[in-house]
Amino acid sequence: MLAQSLADGILTGAIIALGAIGVSLGLQILRFANFAHAELVTWGGYLALVFVTFAGPGTPTGPFSFGWQLIAAMLLAAVLTGGLAWLVDRLVFSRLRRSGAQPLSMVFASFGAALVMRHVVVLIWGSGSYFYTSELQIALEVLPGVRMLPDQLFILGLTLLVVTGLHLYLTHSRTGMAMRAMAESPALARVCGIEVEAVVRWTWILSGALAAMAGVFMGLSPQIHPEMGLSLMLALFAAAILGGVGSLVGAVVGGLLVGLAENLSVLFVDPGYKTAMPFLLLLLVLAVRPQGLFGDKA
């Protein structure tokens, strides 16, 4: 039972980590808590659903419940959701930045944007739940006492590849280095000739793409619904802060810890308290290390 809960926690944590990376980048580069980010998770899941509705999930490949069509749907959803994130910035947040709005005003605006985005989803797709595929799967015993579906193993493997690729992008590409410079000091980055608006644009696009992938993964395990971004929102922020704002490794570790805390807690307390466990963990860590596990001291 303990081993299975650990495996389930790692799976949940992998999905949370993808969304938490975007939250962490937003906190460090955009300088405000963007609560509309969670709705990008929902939009990513539904945009992939549009493609799957017309093309189908495809003939199952190997042990998986889907074919190449769902992979293509995820990539398309990542691109479109990245564009949607940038569009929301152009319509809402960039106007506030130009007017010199304070971070608190940006936070309130993100709440408004989140409500609009969520209700547009309900308006278009309704309030019901959807599945990408109806194929049945048999859980595989990956370790003694640990069984996982092939789709879940796919999620873990692809998450690892994406995080590794993102790390290489941020550390070796010019845009990635510009984003890190912007995170350290926007004023100094501007003096060094870095185009701040270009960095902001890529931050939104990258965050939206990662959120879309998290949304598709949530849809695979097991369904998509209009509230899935909302249900993930607090976990995303808990993971980003727990790991340390601005740290890619911190967001991933924070996501895994949040996922483990949620799934292991049901072994000891009533499942109704499951969502509170990550915040207890967050309070304990911040009491000892206020900057988070991998954050730099102020």
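Scanning segment 192-243 for residues that are surrounded by fewer than 24 Cβ atoms within 10 Å (Cβ to Cβ) and among the small types (Gly, Ala, Ser), which turns out farthest from VAL162 (Cα to Cα)? Ranking the candidates gives GLY193 first.
The numbered conditions (1) buried (at least 17 other Cβ atoms within 10 Å of the Cβ); (2) in contact with a His (Cβ under 9 Å, 6 or more places away or on another chain); (3) in a loop (DSSP other than H, G, I, E, B) are all true for ALA114 except (3). One residue stands out among those in segment 137-160 that are in a strand (DSSP E or B) and in contact (Cβ under 8 Å) with a residue 60 or more places away in the chain: the one that is surrounded by the fewest Cβ atoms within 10 Å (Cβ to Cβ), which is LEU143. Taken over segment 24-37, the criterion of being among the hydrophobic types (A, V, I, L, M, F, W, C) and modelled with pLDDT of 90 or more is satisfied by PHE35, ALA36.
Would you call PHE66 surrounded by 14 or more Cβ atoms within 10 Å (Cβ to Cβ), touching a Ser or Thr at 6+ places or on another chain (Cβ under 8 Å) and of a type in the set (A, V, I, L, M, F, W, C)? Criteria met by PHE66. When residues in segment 117-136 are screened for being closer than 22 Å to SER221 by Cα and surrounded by 15 or more Cβ atoms within 10 Å (Cβ to Cβ), 7 of them pass.
Pairing each residue of segment 55-82 that is farther than 17 Å from GLN137 by Cα and among the aromatic types (Phe, Trp, Tyr) with any residue that is at pLDDT below 85 and in a loop (DSSP other than H, G, I, E, B), provided the two are 6+ apart or on different chains, yields C-beta distances under 6 Å for TRP68/GLY58. Elements of the type helices (runs of 4 or more DSSP H) sitting completely within segment 200-298 and holding at least 2 residues that are at pLDDT 80 or above and farther than 23 Å from VAL107 by Cα: these cover 248-265, 277-288.
The values are calculated or read from the model by the stated rules, or taken from the named source; none is laboratory data. All values derive from a computational prediction rather than experimental measurement. Cβ: placed from backbone, ideal geometry, glycine included. Neighbour counts: every protein chain shown.
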